[in-house]
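As structure tokens, the structure follows; a few thoughts come after it.
The values are calculated or read from the model by the stated rules, or taken from the named source; none is laboratory data. Predicted model, so just to flag it, every value in this text is computed and none were measured. Virtual Cβ from ideal backbone geometry, glycine too; neighbours counted across all protein chains shown. Calculation scope for accessible area: heavy atoms of the full protein, side chains included, ligands and nucleic acids excluded. Shrake-Rupley method; radii C 1.70, N 1.55, O 1.52, S 1.80 Å.
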Amino acid sequence: MKIIEARAAIRYFHTFPPSKSFRRAPTMGFHSSLSATSLQTLKLAAFPTTSRLIFRLPTKTASLNSLHPCFRNRKPPCPLLVRALSFSAVQVDPPTATAGEEIVGKPQWKASIDFKWIRDNKDLVAANIENRKSGANLELVLQLYDKMLNLQKEVERLRAERNMVANKMKGKLEPSERQKLIEEGKNLKEGLVSLEENLLKLTDQLQQEAQCIPNITHPDVPIGGEDCSIIRKTVGSPREFGFSVKDHLELGKQLNLFDFDAAAEVSGSKFYYLKNAAVTLEMGLISWTLSEVMKRGFTPVITPEIVRSSVVEKCGFQPRGENTQVYSIEGSDQCLIGTAEIPVGGIHMDSILAESSLPLKYVAYSHCFRTEAGAAGAATRGLYRVHQFSKVEMFILCRPEDSESYLEELISIEEDLFTSLGLHFKTLDMASGDLGAPAYRKFDVEAWMPGLGRYGEISSASNCTDYQSRRLGIRYRPQESIPTTSKKKSKGNLAPTQFVHTLNATACAVPRMIVCLLENYQQEDGSVIIPESLRPFMGGLEIIAPTST
């Protein structure tokens, strides 16, 4: 499979001043665009992680220094294959250039951005960039913003002069005077066209730089790398075994549950066949998880597993350090999803929701596709890191003032699910350096996997505030109207629309859950006990016992 370079995905930023108490999540939006490139067969597109369920890249890397300023101070992380995106509302023709003239790539779609707030809160933004180990260049953003403002003033001045000349020509004039005005108008038009072209290029450059700025961070998030993450809660304790513990690979072989060798011949490494009771176990896990989450008021969805690259981009998935990749499809602007968060996020794209409809809660089942390339060692063996897997994902759209409480709800659901399966796990408040660009705050759940002899991440829950909704164009209109003396309702007295906040959380990543269940419920004779909560969804199967073969 041939891997080629392409322009790195870039971020879009928007923020409102946070309140003194920080009780309401700050609002920030992002945007990015990609360069078109010739692709070969199934190719790889960058897929950033919002959780450590996504793993390391191939050792062979492509330089990003020539791609986008977000990475100018970073080590080259990975080869990237990306798509040109399209968005009809702001689609532009590709620029042309004469010899020696630089072409500035134009974003294919845009979202709101508050550069004034960035400028007025320079110290806060700079500290946030540093805490999150971002490659954003704040000084350049502010310089470009000032240049843009000055150029806008000049454009407005020339437009005013052009209008004055046009008004003068409406009256009766001497031929010589009219000809003079015609020449003046022509010169103003030519000068205005040139300035407007420069303004467009400058605006695009400004947005591309600002897109590297990450979301603001919750004030309680610990500062630092992954090691600085704080344990929020611990449930249960590791099981004590009176016999030699086996990992899920050995158990799976003895129980005839999966076949990695045949899958490697058919599809490549890190693919697998599930067999016999493992098939029932996956189906049971999915049905049980959907059933439990639906009890909490979530609408079930089975999503498309191929989406437009622009939707991936608008959900905030862009390269960030050593991140994984998703598969892109040749000859189209489509790719395979790495999480159901992406197609669910696109359901209400470019729409205005009624406040009464919020919150919207979805629980989505899908297959997920990730390259998970470059990983090696015991930590990546078997089902722990694979290219294709099934997952049940929760997704919420809500009012801004409610997003923090819904993050707590998502975490509570995750903890209830894993507790009911009898797992020993810990919930972590992830440090600033481990947050993906969209996340305002993120909690991970790590379960004990005795066969692997360590904790492994099985779930993640994130509050992305309005990072995704500003890119996807998802707004709602508050029910309260603007006070007016008129008794009639009109568009003029309707409350202005606001962007919703989005949240996502993993309810069940099937391969990791199978690892946990096999290793924690193994018996000395090699059998595996099925947790009681799952048995009704497995046809009454209570134990997976070794077969005669």
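Gyration tensor over the Cα atoms of the stretch 417-542: the corresponding equivalent ellipsoid has semi-axes (square roots of 5 times the eigenvalues, largest first) of 47, 19, 10 Å.
Suppose the chain between K189 and D416 were pulled fully straight at 0.36 nm per residue; how much longer would it get relative to their current alpha carbon spacing?
Working: separation 227, 0.36 × 227 = 81.72 nm, distance 6.66 nm.
Separation in residues times 0.36 nm, less the Cα-Cα distance, equals 75.1 nm.
Treating each Cα of the stretch 242-306 as one equal point scatterer and applying the Debye formula with no solvent, the log10 of I(q)/I(0) at q = 0.14, 0.15, 0.21 Å⁻¹ comes out as -0.64, -0.71, -0.95. Under 5 Å between amide hydrogens, built in the peptide plane, is the criterion, and for A507 it picks out V392, E393, M394 among residues at least 5 positions away or on other chains. Computed from backbone phi, the HN-Hα couplings of the stretch 164-174 come to 5, 5, 4, 5, 4, 6, 6, x, 6, 9, 5 Hz, rounded to whole numbers (Karplus: 6.51 cos²θ - 1.76 cosθ + 1.60, θ = phi - 60°; Gly and Pro given as x). If the chain linking L199 and S357 were pulled fully straight, counting 0.36 nm for each residue of separation and taking away their Cα-Cα distance, it would gain 52.8 nm. Computed with a 1.4 Å probe over protein heavy atoms only, the accessible area of E401 comes to about 90 Å².
Scoring 344-355, 172-183, 216-227 by mean Cβ neighbours within 10 Å over their residues and listing the highest first yields 344-355, 216-227, 172-183.
Legend: calculated FRET efficiency, I529 to T380, from the Cβ-Cβ distance at R0 = 22 Å, rounded to 0.05, equals 0.25. Counting lysine pairs in the stretch 115-212 whose alpha carbons fall under 21 angstrom apart, excluding pairs fewer than 8 residues apart on the same chain, gives 19. Rg and Dmax over the alpha-carbon atoms of the stretch 115-212 stand at 20.2, 68 Å.
3J(HN,Hα) along the stretch 346-354, derived from phi through the Karplus expression 6.51 cos²θ - 1.76 cosθ + 1.60 where θ = phi - 60°, amounts to x, 4, 9, 4, 6, 9, 10, 8, 6 Hz, with x in place of Gly and Pro. Using θ = phi - 60° in the Karplus curve 6.51 cos²θ - 1.76 cosθ + 1.60, the 3J(HN,Hα) couplings for the stretch 241-252 round to 9, x, 8, 5, 7, 9, 8, 5, 5, 5, 4, x Hz; x is entered for Gly and Pro. A viscosity of 0.692 mPa s and a temperature of 37 °C, combined with the Kirkwood radius over Cα pairs in Stokes-Einstein, give a translational diffusion coefficient for the stretch 186-237 of 206 µm²/s.
Please list, by residue number, every one of the chymotrypsin sites (Phe, Trp or Tyr not before Pro) in the stretch 237-299 that is coil in DSSP and has at most 14 other beta-carbon atoms within 10 Å. Please list the in-between numbers first.
On the way: sites: F241, F243, F258, F260, F271, Y272, Y273, W288, F298; in loops: F241, F243, F271, Y272, F298.
In loop regions of the stretch 237-299 (DSSP not H, G, I, E or B), the sparsely surrounded chymotrypsin sites (Phe, Trp or Tyr not before Pro) are F241, F243.
Around the amide H of S459, modelled in the peptide plane, lie the amide H atoms of V445, all under 5 Å away and 5 or more residues distant in sequence or on another chain.
Gain in length, T299 to E154, computed as 0.36 nm per residue apart minus the alpha-carbon separation, to one decimal in nm?
Extending this stretch completely gives an extra 47.0 nm.
When averaged across all projection directions, what area in nm² does the alpha-carbon convex hull of the stretch 223-377 cover? Working shown, then result.
On the way: hull surface 58.5 nm².
Mean projected area for the stretch 223-377: 14.6 nm², to one decimal.
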